[in-house]
Amino acid sequence: MPWTEISLLAVLLSAVISIVFYTLKTGISPMPSSGKARREIMGYLEQHYGDKQGGVLVDLGSGWGHLIIPLARRFPQHQVVGYELSVLPWLFCLAVKYLLRLDNLSLHRKNFLRQTLPENSILLSFLHPKGMKKLASHLELQSCRELISVFFALPNVQAEQVMRLRDLYQTPVYIYPLQK
Ligand SMILES: C[S@@+](CC[C@H](N)C(=O)[O-])C[C@H]1O[C@@H](n2cnc3c(N)ncnc32)[C@H](O)[C@@H]1O
């Protein structure tokens with residue numbers, strides 16, 4: 001086998017191993033939220049924060065950037081922050097940020113459960129049940145404004161609003177006020 005093919009194979013294999021490793025570590029793959037979920041979130045943010053200035057929107061697990069990139073473009077008046085542990089999705093998203101010159105977007109390759117989240121920020125998540133449980137404990141020590149969660153609810157917390165997507169599963173999008 002020629003060296004170029006071997007090198008290509010090695011790169012592909014490393015990429016797959018990296019994605020599988022972080023999927024096992026975080027408990028979820030970097031699968032994007034659905035287009036319908038993203039449109040619903042955009043509409044909600046537009047309605048509630050579209051005419052406000054200087055807010056902070058945080059994607060807890062920004063993946064390949066399917067949500068955070070359109071957010072940064074749609075809300076240039078807000079700071080948009082992403083946390084992502086998985087190296088490849090984070091790098092991909094970083095490349096798109098620089099290509100599109102999104103100065104209001106910052107991307108951290110960090111575990112959001114170990115960070116002090118920006119005060120008064122609006123949090124967005126598409127995680128998994130165990131991740132939501134850990135997030136609930138972490139949020140007790142934070143002073144964020146609101147959480148918008150696709151599909152997964154915070155355990156033992158009543159959502160203020162549940163938006164249902166018009167899809168096969170009537171996917172819920174939960175809204176939680178977080179101000180104490
Ligand atoms: C299902 S994807 C959601 C991607 C994006 N938010 C969207 O809506 O398209 C969830 C992402 O969260 C990341 N993740 C899960 N737990 C995390 C943690 N504690 N810190 C940073 N990233 C995390 C995973 O690596 C994965 O890429």
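Across region 96-104, in residue order, what do the Karplus-derived ³J(HN,Hα) couplings come to in whole Hz, using 6.51 cos²θ - 1.76 cosθ + 1.60 with θ = phi - 60° and x for Gly and Pro?
Calculated HN-Hα couplings, in order: 5, 4, 6, 4, 8, 6, 8, 6, 8 Hz.
By DSSP, what percent of the beta bridges with both residues in the chain are antiparallel, rounded to the nearest 5?
35
Considering the zone a paramagnetic label at ARG74 would reach in this model (a point 7 Å from Cα along the Cα-to-Cβ line), which residues of region 127-156 have amide N under 14 Å from it?
Under 14 Å, as judged by backbone N against the label point of ARG74, lie 148-150 of region 127-156.
Which of ALA95, VAL157, LEU117 sits closest to the plus end of the dipole of region 28-177, meaning its Cα is farthest towards the positive end, when Lys and Arg get +1 and Asp and Glu get -1 on the C-beta?
Value: ALA95.
Taking a 26 Å limit on the Cα-Cα distance, which of the listed pairs LYS52/LYS110; LYS133/LYS180; LYS36/LYS97; LYS97/LYS180 fall beyond it?
The pairs that break the limit, which is 26 Å between Cα atoms, are LYS52/LYS110; LYS97/LYS180.
Just grab the label-to-label distance for ALA95 and ILE6, each label 7 Å out from Cα along the Cβ direction, in nm (one decimal).
2.5
Grab the Cα-Cα distance for LYS52 and GLN158, subtract it from 0.36 nm times how many residues apart they are, and report the gain in nm with one decimal.
Full extension from LYS52 to GLN158 adds 35.5 nm.
What is the dipole size for the chain, taken about its Cα centre, with +1 at each Lys and Arg Cβ and -1 at each Asp and Glu Cβ, in debye to the nearest 20?
120
How big is the gap, in Å, between the Cα center of region 145-180 and the Cα center of region 8-36?
Rounded to whole Å, the Cα centres lie 26 Å apart.
Hey, any idea what % of the chain's accessible area is carbon plus sulfur with a 1.4 Å probe?
C and S atoms contribute 58 percent here.
The values are calculated or read from the model by the stated rules, or taken from the named source; none is laboratory data. Just so it is clear, the model here is predicted, and its values are computed rather than measured. In this analysis, Cβ positions are derived from the backbone assuming ideal geometry, glycine residues included, and neighbour counts consider all displayed protein chains. Heavy atoms of the whole protein, side chains included, go into the accessibility calculation; ligands, DNA and RNA do not. Shrake-Rupley method; radii C 1.70, N 1.55, O 1.52, S 1.80 Å.
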